[in-house]
Amino acid sequence: MANAPVDSIPARRVLTDPAGLARYQHDEAEWAPYGMPLAVVRPQGTDEVRDVVRHCVAHRIPLVPRGAGTGLSGGANAVDGAVILSFEDMNRIVDIDAAERLAVVQPGVVNDDLRAACAEHGLWYPPDPASSPWSTLGGNVATNAGGMCCVKYGVTRDYVLGLEVVNGLGEVVSLGRRTAKGVAGYDLAGLMVGSEGTLGVITEITVRLRPAPRPGRPLLEVLCVCL
Ligand SMILES: Cc1cc2nc3c(=O)[nH]c(=O)nc-3n(C[C@H](O)[C@H](O)[C@H](O)COP(=O)(O)OP(=O)(O)OC[C@H]3O[C@@H](n4cnc5c(N)ncnc54)[C@H](O)[C@@H]3O)c2cc1C
């Protein structure tokens, strides 16, 4: 059926009732145009994302990736007849490698959840959009998010080492690297950062981490020591 989502995804993870779909019509940018999606699909892995992308390409159905929907620019807004690819069920922290100071996550991991998990290893993921209690790493990468720490520590782009992406042909591609140094070839992972879902669907993210900062000393205490 040309207009139905793919058969390989169980029906319980395909939402089609109008009341439920209404929740996925737009992000925090209600001012931007939005329409009524055909369906919301909640994949649980890269293979399912690939199947959905291939189906949408074959049947010329618009596809909109969506994290937590906290975006302020309408990037996750539905167009009429679109399939919304929601990453709420792809929220697993795959690996935290303390020795290499990196983390591998699925795109639906919430920013604060990653930061909390890193803290248990004495590590820190600095990009801190004010939406960090809700926004996802996939959305953060797709918008190149940054918060108060960005002036000193940089934005999301500065922490993305590698990405797994399903491209517009429905192919799964690995971009970037897992190593600290990576200087060869085009920076295709960097190209994906800030692309707002227009170049492909991000299915796995490798970010570098920093050592957790030492607790700060109160300013008054520092002044007393100096005086
Ligand atoms: C209260 C509040 C505070 C905010 N503060 C900040 C801030 O300090 N700094 C800042 O930069 N932003 C901020 N934002 C904006 C927003 O939180 C960020 O843009 C955030 O990165 C969006 O993440 P999300 O998971 O909600 O993504 P969504 O809003 O769901 O999607 C954002 C974009 O990413 C795309 N996308 C999502 N997942 C994927 C994926 N897996 N593959 C490909 N594309 C994908 C979507 O299609 C869309 O274009 C704030 C928003 C709110 C509501």
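Quick look at the values:
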quantity: Total formal charge among the other residues, if their Cβ is under 12 angstrom from that of Lys152, Lys/Arg +1 and Asp/Glu -1; calculated: -1
quantity: Charge-dipole axis of the range 112-163 as Lys and Arg at +1 and Asp and Glu at -1 on Cβ define it, positive-most pick from Ala130, Gly154, Leu114; calculated: Gly154
quantity: Interatomic Cα distance distribution for the chain, bins of 10 angstrom, percent; calculated: 8, 32, 33, 17, 7, 2, 1, 0
quantity: Where a label projected 7 Å from the Cα of Arg23 along Cα→Cβ would reach, residues of the range 41-64 with amide N under 14 Å; calculated: 41-42
quantity: Order of Leu199, Leu123 - criterion: other Cβ atoms within 10 Å of each residue's Cβ, fewest first; calculated: Leu199, Leu123
quantity: Max mean-square fluctuation residue, GNM over the chain, Cα-Cα springs under 10 Å, options Ala76, Ala58, Ala145; calculated: Ala58
quantity: Pairwise Cα inverse-distance average, inverted: Kirkwood Rh of the range 11-86 (Å); calculated: 12.4
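Rule-based calculations on the coordinates, nothing more; no lab input. Only a predicted model underlies this, so the values are computations on that prediction, with no experimental measurement involved. Here the Cβ is made from the backbone with ideal geometry for all residues, glycine too, and neighbour counts use every protein chain on show.
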